[in-house]
Amino acid sequence: MSAFTPAACPRLIVKVGSSLLVAADGTVRRDWLTSLVADIAARVRSGQEIAVVSSGAIALGARRLKLPKGGRASLEDAQAAAATGQIALSQIWAELLGAEGLTAAQMLVTLDDLEDRRRYLNASATLGRLLSLGVVPVINENDSVATEEIRFGDNDRLAARIAQAAGAHGVILLSDVAGLYDANPNTNAEATLIARVERIDAAIEAMADGGSTSGMGSGGMVSKIAAARIATAAGVHLAIVSGHIEHPLAAYDASGRGTLFVAERAAPARKAWLAGGLTAKGEIMIDAGAAKALSSGKSLLAAGATRVAGSFIRGDLVAVIGPDGRTLARGLSEYDASEAAALTGKRSDEQAEILGYAPRAALVHRNHMALV
């Protein structure tokens, strides 16, 4: 697609933030949500397939349980609030979609569901079948069982991973801000909205503000840029759009106001899954020569590695870190961590003696690695 609009996108993921769906007093913003559902229904009737990633369970549950700090005072409070609020959240979506003649489906996923390759493929198959049937899946992280260590932590990145799994063409993050600005628009009246991002580099990342302006959600601009990295690497356009108007999808389609992160050429499905991985078991630090080799499509050889960190075994996902400290690639390790550490910086002709057996071709083979 040369241009990205909700109407032109065959399969679309729409993410709704907590502050848009839930008012400050913990009640559902029903009139606004009804207008969004009307937008979704119009798209589905025109032949578009739409899935929704919806926040709001913790905020809704916290009100019902009268928990402090919006249910986020502790992990246990968040889990209890999520378990209580998820029923209300799914009910309101089912009711409003049903009023438009649409069937809703609920999918609750954990980080492991999308990080484990087999479970990821299962989720992908379920999403694909639901969308092909004209159903609107409503997806949320299963916060009632997620822990601090094993969770997405924000629905921005979840939406990007769902887009991968669903084979979507675009993601719209409906947000409490209109898009990415070159400065914080809340404190700088001269801040300019960035309309289009062709490449996410250090300058783009420097514009991000980690805070959630509402104090209700868990995401901020940092999480949205992280989501854009995942989506665009998989060949999926991602737009950040203000949700502070009724009929936000129709408004974006008409005005194009927001920030569009332009998709890269779509990677093969397995490499896109690798690139979007969030739970690397370890890290392999490399020198400048190895970084240059990786950028030209080469495998990671032991001679170019400088240090190994973490506890991983052969086949685990590891992050490859460049000399400047930035993640350059993710891939599946050909060695356990102890073996990889022993081989660090060694030439191929030295490795057999260290290992006691013939070495493999690389620490991370290019066929099992994706640049990020």
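The values are calculated or read from the model by the stated rules, or taken from the named source; none is laboratory data. Keep in mind that what you see is a predicted model, and the values were worked out from it rather than measured. Cβ: placed from backbone, ideal geometry, glycine included. Neighbour counts: every protein chain shown.
Overview of results
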quantity	calculated
Residues of the range 30-68 that turn out to be part of a helix (DSSP H, G or I) and touching a residue at least 60 places away in the same chain (Cβ under 8 Å), as a count	18
Residue pairs meeting the criteria (Cβ under 7 Å; at least 6 apart or on separate chains; first under 26 Å from I194 (Cα atoms) and modelled with pLDDT of 70 or more, in the range 259-278; second buried (at least 18 other Cβ atoms within 10 Å of the Cβ) and of a type in the set (D, E, K, R))	A275/R330; G276/R161
The range 310-323 - residue that is over 10 Å from D287 (Cα atoms) and exposed (fewer than 15 other Cβ atoms within 10 Å of the Cβ) and, of those, modelled with the highest pLDDT	S311
Among residues of the range 74-83, those that are surrounded by fewer than 21 Cβ atoms within 10 Å (Cβ to Cβ) and assigned to a helix (DSSP H, G or I), counted	6
Qualifying residues in the range 344-372 (those that are in contact (Cβ under 8 Å) with a residue 12 or more places away in the chain, among the aliphatic types (A, V, I, L, M) and farther than 26 Å from R117 by Cβ) - the one surrounded by the most Cβ atoms within 10 Å (Cβ to Cβ)	L355
Failed condition for V308, given (1) part of a strand (DSSP E or B); (2) within 24 Å of Q164 (Cα to Cα)	(2)
Entirely in the range 94-178, the strands (runs of 3 or more DSSP E) that have 3 or more residues that are surrounded by fewer than 21 Cβ atoms within 10 Å (Cβ to Cβ)	104-109
Residue match in the range 275-282 (condition: among the hydrophobic types (A, V, I, L, M, F, W, C), closer than 30 Å to A191 by Cβ and touching a Gly at 6+ places or on another chain (Cβ under 8 Å))	no
In the range 279-337, residue farthest from D349 (Cα to Cα) [restricted to those that are basic (K, R) and free of Cβ contacts under 8 Å to residues at least 60 places away in the same chain]	R326
